[in-house]
Amino acid sequence: MRSSQKGQGAGARDEGAIEMSLTPCPAVRSCAVCGSTHKLRVFRQSFGAISSGCLLTGYDVVACADCGFCFADGIPEQAVFDEYYAEMSKYEHQESGGHESTYDLARFRQMTAFIEPLLPGPEARILEIGCATGRLLALLKDRGFTRVTGVDPSPSCAATAERLYGIQVTTAKISAIPFAAGTVDFIVLAGVLEHIRDLATALDELVRLLSPAGRIYVCVPDASRFAQGEDAPFQEFSVEHINFFGPVSMKNLMRSRGLSELACRQEMMQVSFRTTTPVIHAAFQASAAGAPLVADGETASGLHAYVAQSGKADDRIQQTVSAIAAGGEPILVWGAGMHTLRLMQTSRLKDAKIVAFIDSNPHYQGKAIDRIPIIAPGRVRDHAEPIMISSRVYQEEIARAAREDLKLPNRLIRLYDMG
Ligand SMILES: [Zn+2]
């Protein structure tokens, strides 16, 4: 499961832009659904960069002028993403020995409730792509579906799935899966398609694996309804999310790969404490009859509504951050992920006297943002400065960790009223 909804302990989540050895070379994308190169810009998202390089420093959210599919444009080639997911996985749940949060578990149960009636029987050969540590497959196994296996780009995730649940996970990228054609009855794509740059290549590879009556389950954030979710402003335009599906464009994409719809449901998913995101669950199977594309107008208009709503929420945060910068007091900033990177680009946070960033994600520690070091929470006790918590989803978790786990006396500055 790869998505922005992954909980992984204070300050982590799917918020990161990570240093990499590769130099990203932004390239123009054509529409993955209809191939058109005519696009309308909806929004510009900026992240800046950690240390010397990163996955990407921002992108244009665009809508295809011909079919309405919405996606991130001006992003690196697929190979750059492949290397990033192989090396820098944030889905290992290292802090908890590979175990995920109760919210994650509830989400996996929501997905299996949709999946189970679509499975042909207990003998079904089930393959999850991007299975991370294998929890969703383990749930299906517990329900009597024993022929479950996974593919994940991260070798560390594969090892964890084997250790925790005895599920075999093959390390591979989605565009080259080392399985024979026609050997899978059911493919699970839970929070995967929003991460894939070259969608046609990936889906053609999955269709190759399907048995004649094989099916594909998809769960993605529902970009047509982002404004109905509860999260930090612009958080849905994350570093890793580069496709913004509504139900219509999801069906269009699958039709373009010879797949027809079996079921589709729009739902809210609880991500964390008072944090929700709208999602689409859908299932497809190969179909000889080609259906025409239907223009998707609702996703772009949903994104415009989300941008307007995020702008209002962002104004309130900007005021707090501007006051901190104007005060000139040295501070610590807890959170080195997307939330912070965006504020460094779009607010006066860059003018504040930041002594250090704090993050629990070991992939971030030892790196820097604007030459300011990122330190582990355990090193905060060397500092007396106030801590600005730069996260909405983890704000209360971070505050609790600071007070109860680390017994820190530092003043805490919150950006969000979480009730
Ligand atoms: Zn298009």
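The values are calculated or read from the model by the stated rules, or taken from the named source; none is laboratory data. As the structure is a prediction and not an experimental result, all values here were calculated from the model. Note that each Cβ is placed from the backbone with ideal geometry, even for glycine, and that neighbours are counted across all protein chains shown. Side chains included, ligands, DNA and RNA excluded: accessible areas come from the protein's heavy atoms. Shrake-Rupley method; radii C 1.70, N 1.55, O 1.52, S 1.80 Å.
For the reader, a short list of remarks on this structure follows.
- nm² value of the averaged projected area, convex hull over the Cα atoms of the stretch 84-287: 10.4 nm²
- Taking label points 7 Å from Cα along the Cα-to-Cβ direction, ARG41 and ASP417 give a separation of 3.5 nm.
- Note on the stretch 314-373: the alpha carbon radius of gyration divided by the globular reference 2.2 N^0.38 Å gives 1.08.
- Rg/Rh for the chain, where both radii come from Cα atoms and Rh is the Kirkwood radius: 0.96
- Counting protein heavy atoms only, the stretch 76-214 has 55 percent of its accessible area on carbon and sulfur, 1.4 angstrom probe.
- When +1 charges are put on Lys and Arg Cβ atoms and -1 charges on Asp and Glu Cβ atoms, the dipole computed for the chain relative to its Cα centre reaches about 320 debye.
- Cα centroid of the stretch 268-326 to Cα centroid of the stretch 133-177, whole Å: 29 Å
- Leading residue at positive end of dipole, the chain (Cβ point charges), from ALA32, HIS363, HIS339: HIS339
- Per-peptide packing, taken as the mean over residues of other Cβ atoms within 10 Å, places 145-152, 257-264 in the sequence 145-152, 257-264 from highest down.
- Extension gain for ALA86 to LEU118 (0.36 nm times residue separation, less C-alpha to C-alpha distance): 8.5 nm.
- Counting charges near PHE69 (Lys, Arg +1; Asp, Glu -1) among other residues having Cβ under 10 Å from its Cβ returns a value of -1.
- Distance (nanometres) between label positions extended 7 Å along Cα→Cβ at GLN228 and ALA295: 2.4 nm
- In this calculation the C-beta distance from ASP405 to ARG371 is compared with R0 = 30 Å, giving a FRET efficiency of 0.55.
- Cβ-based charge dipole, the chain, positive-most Cα from LEU415, VAL42, CYS157: LEU415
- Ellipticity estimate at 222 nm from DSSP helix runs (n ≥ 4, -39,500 (n - 2.57)) divided over the chain, nearest 500: -8000 deg cm²/dmol
- Dipole magnitude for the stretch 240-398: computed about the Cα centre from +1 point charges on Lys and Arg Cβ and -1 point charges on Asp and Glu Cβ, it is near 180 debye.
- Debye, to nearest 20: dipole size of the stretch 318-414, +1 on Lys, Arg Cβ, -1 on Asp, Glu Cβ: 100 debye
- Highest mean packing comes first when the peptides 31-40, 225-234, 128-137 are listed by Cβ atoms within 10 Å, giving 128-137, 225-234, 31-40.
- Length released on extending from ARG208 to ALA305, taking residue separation times 0.36 nm less the Cα-Cα span: 31.1 nm
- Peptides 286-293, 303-310, 215-222, 335-342 ordered by average Cβ neighbours within 10 Å, highest first: 335-342, 215-222, 303-310, 286-293
- Zone of ALA263's modelled label, taken as backbone nitrogen in the stretch 144-160 under 19 Å from a point 7 Å along Cα→Cβ: 144-148
- Cut-off 13 Å between beta-carbons: net charge of the residues surrounding GLN309, Lys and Arg +1, Asp and Glu -1: -2
- Convex hull projection area averaged over all views, the stretch 318-414, Cα basis, nm²: 5.5 nm²
- Residues in the stretch 200-354 average 35 Å² of solvent-accessible surface per residue, probe 1.4 Å, ligands and nucleic acids excluded.
- Expressed as a whole percent, the accessible surface of the stretch 318-414 that belongs to carbon and sulfur atoms is 47, based on a 1.4 Å probe.
- Cβ-based net charge around GLU298, under 15 Å, with every Lys or Arg adding one and every Asp or Glu removing one: 0
- One decimal place: the segment ARG143-SER30 gains 36.5 nm when fully extended, by the rule 0.36 nm per residue minus the C-alpha distance.
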